[in-house]
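These notes concern the structure reproduced below.
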Amino acid sequence: MAETVRRTSGQTVVNDMEALRQRARELLDAGTVQVIIGYANGSNRRVRPFFARRPEDLERLILDDRCVLNLAVYLRKPEVKALGKAAVIATPPLLRSILQLAAENHYQESEAVFLALDSAGNVLELSSAEQIAGVLGSLPGSTGQDACVPSADRMPALSAGSTDRQARFAFWKQEFERCIRCYACRAACPMCYCEQCLVDSNQPQWIPVAAHSIGNLEWHISRAMHLAGRCVNCGACSEACPAGIPLNLVNQFLADRIQQEFGQKAGTSAKLDYALSVFSGSDRETFIK
Amino acid sequence: MSETRSLRKQSIPSLLEKLEQNGQRIIAPQPAGPSGTPWFTDLDRERHIDLEQMTAVSPKSGLFPVVEEILRFRKDGKQVVIEGDKVKVQPTVLFGLRPCDARGLRILESIFQEGEPDVFLRERRAATTVVAFSCTAADPDCFCTSVGGGPGDTEGSDLLLSAIDDDHFLVEIVTPKGKELVELGAGLFEPAKESEQTKVLAAVPVRFPIADVLTKLPALFNLESFWQEQSLACLGCSTCAFVCPICSCFDLEDEADLKCGSRLRCWDSCGQRLFTLHASGHNPRSVQSQRWRQRVMHKFSYLPERGRKARGSAPAEGSTSLLGCVGCGRCSRSCPVDMNLIERLTAIAESDL
């Protein structure tokens, strides 16, 4: 189980993992990077992020469909940055995040190296947003719903197509009741990079900090709106939530609406204007003209 | 052993009904959300109490709510009137806890009663009866036996129910409050026979030597590289603190308009950057490794030390009487980056400094 790579066809390939490790070893040996950020087997059948700094560490690297945590969050962590330049074992959701971060000027050219597998099992070494954008669509697992992530397909009443607003509101009200405001959703999100989050501001206090019904509703609406047009649907927020709230569905809903209204999708290009703050003469709304 | 009774498993619904009729609020683990993971909530109509899976979040909210109003204030001319001397609590049964959870409530109580006793927690505890169930199964994240507890431990419970066969529980009456509850359920409890005293308990191996953890921690404090390595993957998400039965840090928040408002006590966590951020901009715990160190030191060094001072006596070597951990394993299960606590405490016990 340890050495498997998920393919769209469902087949698993052990040799591909060896190819990834080999390329990682070359990068470490050549001094191109000082750390490989990937996944390893953790405790009790869980996976964990893994920081390989010596060639012998590389044996522990794995990649399978349990690897949902978005490793892009580590590119902003001071202790990880202090290790030196990183190569990251990349999944399509991670690469989408990098593209969106680049679009927001939060990923600098060649800041890190990304190692991904193409559908033939070849290792791709990517470091610029252009390179990522060029290959992303052809990578295995880059289209369709990502495994492990709660999907709207399993909850038809919640999909963007459903018009039953009351049912949706009742569902989310109930879900948000369980929120304990730990902000694990924020910590696990690569797009939540603000030095000071709006909920951490107390002058003014934009939204209530307390985990009561109104506070939770305001937090989740704010979180969703701040990610509208920016979320790449990696599912890390839902994975991290200790209360099991399928948070990414809210973001997915907004992502679908943004695509309908503005014809754009986060994580597809490094040259993407923020849909909700850019004025275009061709906008359908007339109030601003 | 304390006074005992026998209770048939099929009598549980009738017992709950009797308690409700008596005006008791019942909080029990019930499936919630799309995943169906049990959650401590008010007993609903479905009454699907899940005693098998462990809840993601501990039952500490029964005594220490996620949000609690501690006072109200309003402007009356040029005066500010403060109202907040009354604690309103309803008689409550916390039902379906595990022995580790019950023990956690005991520790939570001692933390809140240190110095000036906390009236909110005290009143809530006084109105609460804790009904725990011995564990018949444990998973590899459980380590109660490494920190002074056990799958059939009675500490913190008012009543402890333990399976003796497929149809019966042995009921241990631990406190007078437990006895009152048994009296409320009169007719359902029967005398326990001699042959019905052997509890079926989970085997929970000792995972690490706690005495070594306690002895080695003070010297490890300044070894920054050690804490950095332990917490390299830590996202600072605070899940560990929020699911923990003992973590008790809180934040005081005022919610007010121009005329009146209320002061709320809300759960907080030392894992957050904001927790120690000063108004000047300085942060004494500026990186995550320092926050992780704080979490470990607080539970396994500062709390035992404070307990020792409070008792004014020299502790027995490796005493586990006031640890900030009961080994429920929730932090390990919930951590999105698998920072397994047993693994980290083992590394501390094995460190050679």
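The values are calculated or read from the model by the stated rules, or taken from the named source; none is laboratory data. Given the structure is predicted, the values throughout are model-derived calculations rather than measurements. In this analysis, Cβ positions are derived from the backbone assuming ideal geometry, glycine residues included, and neighbour counts consider all displayed protein chains.
A few comments on the model shown:
- Residues of region A:221-247 that are over 16 Å from the mean Cα position of the chain (by Cα) and either closer than 18 Å to residue B:267 by Cα or within 11 Å of chain B (Cβ to nearest Cβ) (or both): A:242, A:243, A:244, A:245.
- Of everything listed in (1) free of Cβ contacts under 8 Å to residues at least 60 places away in the same chain; (2) hydrophobic (A, V, I, L, M, F, W, C); (3) surrounded by fewer than 19 Cβ atoms within 10 Å (Cβ to Cβ); (4) under 16 Å from residue B:54 (Cβ atoms), the single unmet condition for residue B:132 is (3).
- From the list B:109, B:155, the one residue that fits, being of a type outside the set (A, V, I, L, M) and either part of a loop (DSSP other than H, G, I, E, B) or within 20 Å of residue B:23 (Cβ to Cβ) (or both), is B:155.
- Unique residue being touching an Asp or Glu at 6+ places or on another chain (Cβ under 7 Å) and in a helix (DSSP H, G or I) when the list is B:264, B:303, B:274: B:274
- When residue A:208 is tested against (1) in contact with a helix residue (DSSP H, G or I) (Cβ under 6 Å, 6 or more places away or on another chain); (2) touching a residue at least 12 places away in the same chain (Cβ under 8 Å), just one condition goes unmet, and that condition is (2).
- Restricted to region A:199-277, the set of helices (runs of 4 or more DSSP H) holding at least 1 residues that are surrounded by fewer than 19 Cβ atoms within 10 Å (Cβ to Cβ) and not small (Gly, Ala, Ser) comprises A:213-227, A:248-262.
- Some residue of region B:51-68 being of a type in the set (Phe, Trp, Tyr) and more than 14 Å from chain A (Cβ to nearest Cβ): no
- Of the residues making up region A:173-190, just one is part of a loop (DSSP other than H, G, I, E, B), out of contact with any helix residue (DSSP H, G or I) (no Cβ under 6 Å at 6 or more places or on another chain) and over 21 Å from residue B:69 (Cα atoms), namely A:183.
- Taken over region A:113-133, residues that are out of contact with any strand residue (DSSP E or B) (no Cβ under 7 Å at 6 or more places or on another chain) and not in a helix (DSSP H, G or I) amount to 5.
- Scanning region B:218-274 for residues that are crowded, with 20+ Cβ neighbours inside 10 Å, within 9 Å of chain A (Cβ to nearest Cβ) and aliphatic (A, V, I, L, M) yields B:232, B:233, B:235, B:241, B:243, B:264.
- Among the residues of region A:199-220, those that are more than 9 Å from chain B (Cβ to nearest Cβ) and either within 19 Å of the chain's Cα centre (by Cα) or small (Gly, Ala, Ser) (or both) comprise A:201, A:213, A:220.
- Checked against (1) surrounded by 18 or more Cβ atoms within 10 Å (Cβ to Cβ); (2) of a type outside the set (Phe, Trp, Tyr); (3) within 14 Å of another protein chain (Cβ to nearest Cβ), residue B:98 passes all but a single condition, namely (3).
- Scanning region B:116-151 for residues that are among the aliphatic types (A, V, I, L, M) and within 19 Å of residue B:180 (Cβ to Cβ) gives B:126, B:127, B:130, B:131, B:132.
- Residue within region B:315-327 that is within 11 Å of chain A (Cβ to nearest Cβ), over 16 Å from the mean Cα position of the chain (by Cα) and surrounded by fewer than 22 Cβ atoms within 10 Å (Cβ to Cβ) present: no
- Those strands (runs of 3 or more DSSP E) lying entirely in region B:1-83 with at least 3 residues closer than 26 Å to residue B:163 by Cβ, within 25 Å of the chain's Cα centre (by Cα) and without any contact (Cβ under 8 Å) to a residue 24 or more places away in the chain: B:25-32, B:37-42
To keep it simple, each residue is scored yes or no on (1) surrounded by 22 or more Cβ atoms within 10 Å (Cβ to Cβ); (2) at pLDDT 95 or above; (3) under 23 Å from residue B:189 (Cβ atoms).
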site: B:94; (1), (2), (3): yes, yes, yes
site: B:104; (1), (2), (3): yes, yes, no
site: B:109; (1), (2), (3): no, no, no
site: B:137; (1), (2), (3): no, yes, no
site: B:145; (1), (2), (3): no, yes, no
site: B:154; (1), (2), (3): yes, yes, yes
site: B:160; (1), (2), (3): yes, yes, yes
site: B:166; (1), (2), (3): no, no, yes
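- Candidate set: region A:187-198, residues that are more than 8 Å from chain B (Cβ to nearest Cβ) and surrounded by 24 or more Cβ atoms within 10 Å (Cβ to Cβ); chosen: the one nearest to residue A:173 (Cα to Cα): A:189
- Residue in region B:1-21 that is surrounded by the fewest Cβ atoms within 10 Å (Cβ to Cβ), counting only those that are over 12 Å from residue B:185 (Cβ atoms) and among the polar types (S, T, N, Q): B:10
- Residue within region A:262-285 that is out of contact with any Phe, Trp or Tyr (no Cβ under 8 Å at 6 or more places or on another chain) and at the interface with chain B (Cβ under 10 Å from one of its Cβ atoms) present: no
- The residue that is farthest from the other protein chains (Cβ to nearest Cβ), counting only those in region A:82-119 that are surrounded by fewer than 16 Cβ atoms within 10 Å (Cβ to Cβ) and over 22 Å from residue A:25 (Cβ atoms), is A:119.
- Residue list for region B:178-187, restricted to those being touching a helix residue (DSSP H, G or I) at 6+ places or on another chain (Cβ under 9 Å) and surrounded by 19 or more Cβ atoms within 10 Å (Cβ to Cβ): B:181, B:185
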